[in-house]
Amino acid sequence: MRVASIVLRSVLMLSAVVGLTLSSAHAASGYSLVEAIDDAGRQRMLTQRILKAYAQVGLGVQKPQSEQELVEAVGLFETQYQLLHQWQHEPKVAEQLERVGHLWQVYKPLSLGKVSAPGAQRLLGLSESLLSESDRLVLILQQLAATPAAELINISGRQRMLSQRMAKYYLLSSWGIETPAVSTQMDQVRSEFDAALRLMRSHRLDNAEIAERLVRIESDWAWFNGAIQQSGGERYNLLVLDASEQLLRQLEQLTHLYVDAGKTASHS
């Protein structure tokens with residue numbers, strides 16, 4: 001893959017797919033704490049999306065598109081990691097960014113290297129570690145904000161991660177990579193997603209747009225949840241990928257609504 005020549009274009013393409021807001025927009029309006037929570041939360045999702053795309057390539061599922069998705073996810077993680085340094089004046093944020101960075105310097109080249117089942121096995125452990133450290137960064141930023149909106153941005157952002165995590169597990173299993181994490185975590189992650197969705201339904205901030213988006217997400221979740229409980233080779237791999245992308249798009253839009261609500265609350 002010609003990584004150096006297409007990373008920037010890839011990042012912009014991914015932003016169009018899932019409706020992301022990149023650094024140029026942040027620079028125009030100032031990089032608020034709620035935006036940083038959103039971006040840090042998206043980093044969690046990308047730790048899972050990268051390995052999901054790697055597995056897609058390994059399985060030969062829509063290989064050119066999957067290779068592109070992998071490069072896009074890596075490029076976006078790198079872009080947002082640099083952007084989040086705007087909050088490194090907070091000592092705990094700076095310390096956690098350093099921890100994330102150490103793992104990222106190992107994860108990034110492996111994810112862009114030769115795709116193989118042993119490589120996926122190694123990336124699986126690293127993706128769990130990078131996810132854990134990225135999650136800690138989100139919690140640190142949420143604690144700095146200390147608002148109900150910040151908590152909802154975190155929860156909604158974590159749902160994005162869970163959508164990719166479930167698809168990752170499904171594809172690794174389809175590839176024949178069976179580890180305790182892959183074989184036992186799926187049901188737990190499905191339960192976590194369900195519980196968080198119920199929590200968000202009970203905290204809609206009296207916002208009609210948020211309520212409407214949650215209804216759409218419930219429908220997409222039912223579709224995705226049904227897909228990941230099936231097995232049957234390439235046909236179901238494609239179904240899971242399609243369903244996971246639709247769910248991710250809806251969750252991006254929901255998280256943006258919580259970010260907007262957080263900005264409004266901070267200015268009132």
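The values are calculated or read from the model by the stated rules, or taken from the named source; none is laboratory data. What you see is a predicted model; the values in this text were computed from it and never measured. A quick note on method: Cβ atoms are made from the backbone with ideal geometry, for glycine too, and the neighbour counts reach across all protein chains shown. Note: areas computed on protein heavy atoms with side chains; ligands, DNA, RNA excluded. Shrake-Rupley method; radii C 1.70, N 1.55, O 1.52, S 1.80 Å.
With respect to ALA150, is the statement that it is under 23 Å from LEU199 (Cβ atoms), of a type outside the set (D, E, K, R) and open to solvent by 20 Å² or more (accessible area, probe 1.4 Å) true? Here the answer is no, as ALA150 does not meet what is asked.
The residues on offer are GLN188, GLN229, and the sole one that is open to solvent by 80 Å² or more (accessible area, probe 1.4 Å) and within 19 Å of the chain's Cα centre (by Cα) is GLN188. Report yes if LEU238 is part of a helix (DSSP H, G or I) and open to solvent by 50 Å² or more (accessible area, probe 1.4 Å), otherwise no. Considered against the rule, which asks whether it is part of a helix (DSSP H, G or I) and open to solvent by 50 Å² or more (accessible area, probe 1.4 Å), LEU238 comes out as yes. Taking segment 121-147 as the range and being closer than 12 Å to ILE50 by Cβ and surrounded by 22 or more Cβ atoms within 10 Å (Cβ to Cβ) as the test, the residues that pass are LEU123, SER127, LEU130, SER134. Scanning segment 202-212 for residues that are without any contact (Cβ under 8 Å) to a residue 24 or more places away in the chain and open to solvent by less than 90 Å² (accessible area, probe 1.4 Å) turns up SER202, ALA208, ALA211.
Being farther than 23 Å from GLN121 by Cα and not hydrophobic (A, V, I, L, M, F, W, C) is a property that GLU252 has.
Can you confirm whether LEU131 is part of a helix (DSSP H, G or I), aliphatic (A, V, I, L, M) and within 26 Å of ALA222 (Cα to Cα)? It is true that LEU131 is part of a helix (DSSP H, G or I), aliphatic (A, V, I, L, M) and within 26 Å of ALA222 (Cα to Cα). Which of the residues that make up segment 152-203 are polar (S, T, N, Q) and either part of a helix (DSSP H, G or I) or closer than 14 Å to GLY41 by Cα (or both)? Within segment 152-203, ASN154, SER156, GLN159, SER163, GLN164, SER173, SER174, SER183, THR184, GLN185, GLN188, SER191 qualify.
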